[in-house]
Amino acid sequence: METLILTNDENGINKAGEIIRNGGLVAFPTETVYGLGANSLSSDAASKIYAAKGRPSDNPLIVHVCCKEDIYKIAADIPKAAETVIDMFMPAPLTVILKKKDIIPDTVTAGLESVAVRFPADETAQKLIRAAGVPVAAPSANLSGKPSPTKSKHVIADMNGRIDAIIDGGDCEVGVESTIIDFTGDVPVILRPGGVTKEDLEKQGIEVHIDKSILNSLSKSEKPKCPGMKYKHYAPDADVTVVEGEKTAVRKKIKELIGNTDKITGVLTMNGADYDNAVILSAGGTNKEYAKNLFSALREFDELGVEIVFAEFCSDDGYGLAVKNRLYKAAGGKVIHV
Ligand code: AMP
Ligand code: MG
């Protein structure tokens, strides 16, 4: 199929809304990463998302709304803690897991009784959802397993010819996917770290636990909270190893590792460093910048033909947990602590 590239002005957004309303697929920018949207009230439309991405059918989608009131149309029995978080934080790079209403088809939730709901802050995303006139189911707009797209060129590379349209809205601000909080148990649990951090929540007096799978590869006996968590994620073609610890020690270790390989090597570095015999990409100086640059850098290493990537990781603060979670998954658990 021919994929339309639309501008993020009124004409482009209205056209995109019409495509979604009529059961088609549109990739659109959000503040986190680009999403691949379809009408969440239609099982047929939602099933096209799984086909276009090559996504396993047991990995549920996030439903995007354009106002807080619409959350109550698709979710039931919303607990007080979730209401507080919705009121205090949304719109934000934040997804809440709630009990679903029947209006949301099983295709969207992969058969779960719960639904993931997000009210994005990005203006284009909000306008598109409003133009569509329905809540929009949207996972990240990458081929399944690849790093999430943070620039329109990433979406074009993965999705051109597979979907109806792409809204070109420039680069995504946050760069990693939304924080997911599960409100279906006794205590709220962060299932995926993102732009809204545990510290942000605690500052507002909201107590949350962190799911232990965030930094571990799940052992075979452990059942993930959500089926999608078991899949390989964010992986470039290059082989990634995270080298974690105090900056000087990290850099010494990476130099040693570069010296031990004949492969084309890349280093993802915080604040630049002088590595010889390696392709160097900068992740920026802070974890916030790291989050914004991470997926784009992983894709760029592939474009440059890099075979092995060593990623520096130095501190856990701010967006640190979100960055570390994506890095660990991209590395398939290959982490060296120095
Ligand atoms: P993506 O938007 O591509 O980042 O994928 C959406 C992710 O949201 C899935 O991989 C799940 O981990 C999570 N998710 C969606 N729906 C649910 C749900 N009902 N319960 C728990 N996690 C969910
Ligand atoms: Mg995804």
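Please treat every number below as a calculation from the coordinates, not as lab data. Not measured: the values here are computed from a predicted model. All Cβ positions, glycine included, derive from the backbone under ideal geometry; neighbour counts span all protein chains shown.
Observations, loosely collected:
- Put simply, the C-alpha atoms of the range 33-180 give a gyration tensor, and the ellipsoid matching it has half-axes of 23, 18, 13 Å, longest first.
- Global form of the range 297-338, assessed from the alpha-carbon gyration tensor, a/c cut-off 1.5: prolate
- In a reduced charge model with +1 at each Lys and Arg Cβ and -1 at each Asp and Glu Cβ, the chain shows a dipole moment near 620 debye about its Cα centre.
- Fewest-first ranking of L25, L4, using other Cβ atoms within 10 Å as the exposure measure: L4, L25
- Three-way shape call for the range 98-179 based on the alpha-carbon gyration tensor, with the a/c threshold at 1.5: prolate
- Cβ-derived FRET efficiency at R0 56 Å, T248 paired with A51, nearest 0.05: 0.70
- Straight-distance crosslink candidates among aspartates and glutamates, where the alpha carbon sits under 17 Å from K153 and sequence neighbours closer than 8 are dropped: E2, E31, D164, D168, D171, E173, E300, D302, E303
- Once C-alpha pairs closer than 8 Å and six or more residues apart are averaged by separation and normalised to the residue number of the chain, the relative contact order reads 20 percent.
- Net length gained if the chain between K334 and D87 were fully extended (0.36 nm per residue, minus Cα distance): 85.0 nm
- Within-14-Å neighbourhood charge of A51 [Cβ basis; K, R +1; D, E -1]: +1
- For N160 and R130, the difference between the fully extended length at 0.36 nm per residue and the C-alpha to C-alpha distance is 8.3 nm.
- For the chain, the residue among G305, V65, L112 whose Cα projects farthest onto the positive side of the dipole built from Cβ charges is L112.
- Cβ-Cβ FRET estimate between E256 and D317, R0 fixed at 22 Å, reported to 0.05: 0.25
- Cα gyration tensor category, rounded, prolate or oblate, for the range 1-44 with a/c compared to 1.5: oblate
- Each listed q (0.15 Å⁻¹) maps to a log10 I(q)/I(0) for the chain, found by the Debye formula over equal Cα scatterers with no solvent: -1.24.
- Normalised by the number of residues in the range 233-298, the mean separation of alpha-carbon contacts (under 8 Å, six or more apart) gives a relative contact order of 23 percent.
- Packing-based exposure ordering (other Cβ within 10 Å, fewest first) of H337, H64, H154, H209: H337, H209, H154, H64
- Counting neighbouring beta carbons within 10 Å and listing from fewest to most, the residues K53, K68 come out as K68, K53.
- Cα→Cβ-extended label distance, 7 Å offset, between I280 and K153, nm: 2.2
- Considering only P149, P79, P188, the mean-square fluctuation computed in a Gaussian network model of the chain, springs between alpha carbons under 10 angstrom, is largest for P79.
- Debye log10 I(q)/I(0) for the range 14-71, one point scatterer per Cα, at q = 0.14, 0.18, 0.25 Å⁻¹: -0.39, -0.65, -1.20
- As a ratio to 2.2 N^0.38 Å, the alpha-carbon radius of gyration computed for the range 247-338 takes the value 0.99.
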